[in-house]
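Asks: Below is the structure I would like to discuss, written out as structure tokens.
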Amino acid sequence: MSRDTAIDPRLHRLRRQRLLDRLGSGVLLLSTAPETIRNGDVLHEYRPGSDFHYLTGFPEPEAVLVAIADRPGRHRCVLFVRPRDPAREVWDGPRFGVAGSKRSFGVDDAYPIGELWQRMPALMQGQERLFHRLGGDPAFDRRLLEHFAGQARKHRRRQPAAHPTIQDPLPALAEQRRSKDAAELAALRTAAGISAAGHRAAMAAARPGQREYEVQAELEAVFRRAGSPRNGYPSIVASGRNACVLHYHENDRELRAGDLLLIDAGAEWGGSTADITRTFPVSGRFTAAQAAVYRVVLRAQLAGIRASRPGAPWDSAHKTCIRWLVKGLVELGVLRGDASRLIRKEKFKPWYMHGTSHWLGRDVHDVGAYLGAGDRPEPLPVGSVLTVEPGLYFAPRDRRVPAELRGIGIRIEDDVLVGKGGPEVLTAAAPKTIAEVEQACRR
Ligand code: GLY
Ligand code: MN
Ligand code: MN
């Protein structure tokens, strides 16, 4: 059975009901993608769509969820799935099929995916609203429009409305996913623990003369041995000046004595991913210049985490980190002048050009609004998880900074649960202070 299989019918029914209670009466229509060709006969590895999997636990491609809310507090749920196919299953492995889907996933009915459109009129009967996001899957949308057009033609003597009111369910679903339920949080905690172990292993393994991809292999071996089916995003293993490329992905440079190695990597577990960055010295000891920059970033990060309290504006960590980074840039001799003015004029931007936080969950940059009414930053909800990831990046040929800082790139990133009592760092098992990191690098 695929590790994406999540059989917990009560949980998934509860999630669907919570969503439909927000949306009101109508029919929710949500698909998960078919498989896609990578090249020749090779398919891309399949990962179920985050929303679909959150609401069903169903792991297979080419499936559609139809959930009908006709009475408050109740809904009827139908899954359309690929039917069993003994000849195909010899090649690809077993499918749940129609009967197996109905039996295992707690849905009221299951049908072959090929019957979706012929069954839609009955499922939509008497319903005035369809909850579906247009634009996410153009091929599916085209089919939906054809369906409506066909229905209108068929019933033209009665001149019915050609289609129901279509309402986007994803803002409500995103808000629901943003505050983690117990199962989501448990998955994130496991992902965080596995990821932290990977980062520890990378610190222990890295040494001058290796290639970045060799360290990546050590890190990801820990993820895979722990049962994580895949990474939440491609690992960034960036030594020396490569750390100044924010989404560096070649991972093939040779590590040299005296380099820092920045690793941004997270394992997926139960559909959720961690997102950790650590930066450590390949030779096991920070140089004085590296340590000075590291302390500035760490001080900012710790302050940013403390600022991530329930009810605080979501960008509190960003604003706090900027204050501390600017103070640090002055101490390092990079900037001069009044801190408030430097912040107002964004004088830090050449060396800190990205945001500090994003929601985290099933998607590494998870769903959930950042801005509310009047474009005001959303208050941090209890149960939400965000990253706090300040950094400083001094490009090798940047003549604006003291020579000893050039080529140093440092980011420190943790995953923070906004708990009732305050922030909780889910990724605390990854070494972070200079002493902890140097200890972890010792072999
Ligand atoms: N790993 C991507 C990010 O930190 O946002
Ligand atoms: Mn991140
Ligand atoms: Mn990251």
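Asks: Among the lysines, select those whose C-alpha is under 24 Å from the C-alpha of LYS420, and discard any that sit fewer than 8 residues away in the same chain.
Replies: LYS180, LYS319
Asks: Which order do peptides 338-349, 294-305, 187-198 fall in by mean Cβ count within 10 Å, highest first?
Replies: Highest to lowest by the protection proxy: 187-198, 294-305, 338-349.
Asks: What is the distance, in nm, between label points placed 7 Å from the Cα along the Cα-to-Cβ direction at GLU89 and at ARG10?
Replies: The answer from the label model is 2.9 nm.
Asks: How big is the C-alpha Rg of the range 266-318 next to the rule-of-thumb value 2.2 N^0.38 Å, as a ratio?
Replies: Relative to the rule-of-thumb radius for its length, the range 266-318 sits at 1.52.
Asks: Right, next: Take the Cα of TYR46, step 7 Å along the line toward its Cβ, and report every residue of the range 88-105 whose backbone nitrogen sits under 14 Å from that point.
Replies: Counting backbone N atoms under 14 Å from the label point, the list is 88-98, 101.
Asks: With just the Cα atoms of the chain, tell me how far they stretch along each of the three principal axes, in Å, largest first.
Replies: 80, 53, 39
Asks: Report the convex hull volume per residue for the range 32-110, counting only C-alpha atoms, in Å³.
Replies: So the per-residue Cα hull volume is 87 Å³.
Asks: A further question follows. At 1.567 mPa s and 4 °C, plugging the Kirkwood radius over alpha-carbon pairs of the range 351-429 into Stokes-Einstein gives what diffusion coefficient in µm²/s?
Replies: 88
Asks: Let me ask something else. Once phi is turned into θ = phi - 60°, what whole-Hz ³J(HN,Hα) does the Karplus curve with 6.51, -1.76 and 1.60 give for every residue of the range 345-352, x standing for Gly and Pro?
Replies: Those phi angles translate into 8, 6, 6, 7, 3, x, 10, 9 Hz.
Asks: Taking a cut-off of 13 Å between Cα atoms, list the aspartates and glutamates near LYS154, but don't count ones fewer than 8 places away on the same chain.
Replies: Reachable aspartates and glutamates: GLU146.
Asks: In whole Hz, what ³J(HN,Hα) sequence does the range 42-47 give by Karplus (6.51, -1.76, 1.60; θ = phi - 60°), x for Gly and Pro?
Replies: Whole-Hz 3J(HN,Hα) from phi for the range 42-47: 9, 9, 5, 4, 8, 10.
Asks: Another question, if that's okay. Using 1/(1 + (r/R0)^6) with R0 = 30 angstrom and r between the beta carbons of GLU346 and TYR213, what's the FRET efficiency to the nearest 0.05?
Replies: Plugging the Cβ-Cβ distance into 1/(1 + (r/R0)^6) gives 0.25.
Asks: Answer with one residue from GLY73, VAL98, PHE58: the one whose Cα lies farthest towards the positive end of the charge dipole of the range 22-110, charges on Cβ with Lys, Arg +1 and Asp, Glu -1.
Replies: Value computed over the given set: GLY73.
Asks: Using only C-alpha positions, report the orientation-averaged shadow area of the convex hull of the range 73-161, nm², one decimal.
Replies: If you wrap the Cα atoms of the range 73-161 in a convex hull and average its projections, you get 7.9 nm².
Asks: Using unit Cβ charges (K, R positive; D, E negative) and no other charged atoms, how large, in debye to the nearest 20, is the dipole of the chain about its Cα centre?
Replies: Approximately 940 debye in magnitude.
Asks: Further question on the same structure: Calculated FRET efficiency, VAL245 and SER104, Cβ-Cβ r, R0 41 Å, to nearest 0.05?
Replies: Result of the calculation: an efficiency of 0.35.
Asks: Sticking with this structure for a sec: Take the alpha carbon atoms of the range 1-160, find their radius of gyration, then divide it by 2.2 N^0.38 Å using N residues; give the quotient.
Replies: 1.08
Asks: Mean residue ellipticity at 222 nm from the helices of the chain, using -39,500 (n - 2.57) per DSSP H segment of n ≥ 4 over the full residue count, to the nearest 500 deg cm²/dmol?
Replies: Taking each H run of at least 4 residues, the total per residue is -11500 deg cm²/dmol.
Asks: Quote the Stokes-Einstein diffusion coefficient, in whole µm² s⁻¹, for the range 141-240, based on the Kirkwood radius over alpha carbon pairs, a temperature of 25 °C and a viscosity of 0.890 mPa s.
Replies: 134
Asks: Output the 0 to 90 degree angle, nearest 10, between the alpha-carbon long axis of helix 9-23 and the longest principal axis computed from the alpha carbons of the chain.
Replies: Tilt of helix 9-23: around 90 degrees.
Asks: Normalised by the residues of the range 250-403, what does the relative contact order come to in percent, with Cα pairs under 8 Å and at least six apart?
Replies: The value is 24 percent.
Asks: Next question. Provide the per residue accessible area, probe 1.4 Å, for the range 181-273, rounded to a whole number of square angstrom.
Replies: 37
Asks: Separate question: Report the Stokes-Einstein translational diffusion coefficient (µm² s⁻¹, integer) for the range 201-305, Rh taken as the Kirkwood radius over Cα pairs, at 20 °C with viscosity 1.002 mPa s.
Replies: The calculation lands on 150 µm²/s.
Asks: Considering the chain as a Gaussian network with a 10 Å cut-off on Cα pairs, which listed residue, GLN210, GLN290, GLN118, attains the greatest mean-square fluctuation?
Replies: GLN118
Asks: Counting only residues 5 or more places away or on other chains, whose amide H sits under 5 Å from the amide H of ALA267 once H atoms are built in the peptide plane?
Replies: Long-range HN contacts for ALA267: SER195, GLY232, ALA274.
The values are calculated or read from the model by the stated rules, or taken from the named source; none is laboratory data. Since this is a predicted model, take the numbers as computed values, not measurements. So basically every Cβ, Gly included, is an ideal-geometry build from the backbone, and we count neighbours across all protein chains shown. Heads up: the accessible areas ignore ligands, DNA and RNA and are worked out on the full protein's heavy atoms, side chains in. Shrake-Rupley method; radii C 1.70, N 1.55, O 1.52, S 1.80 Å.
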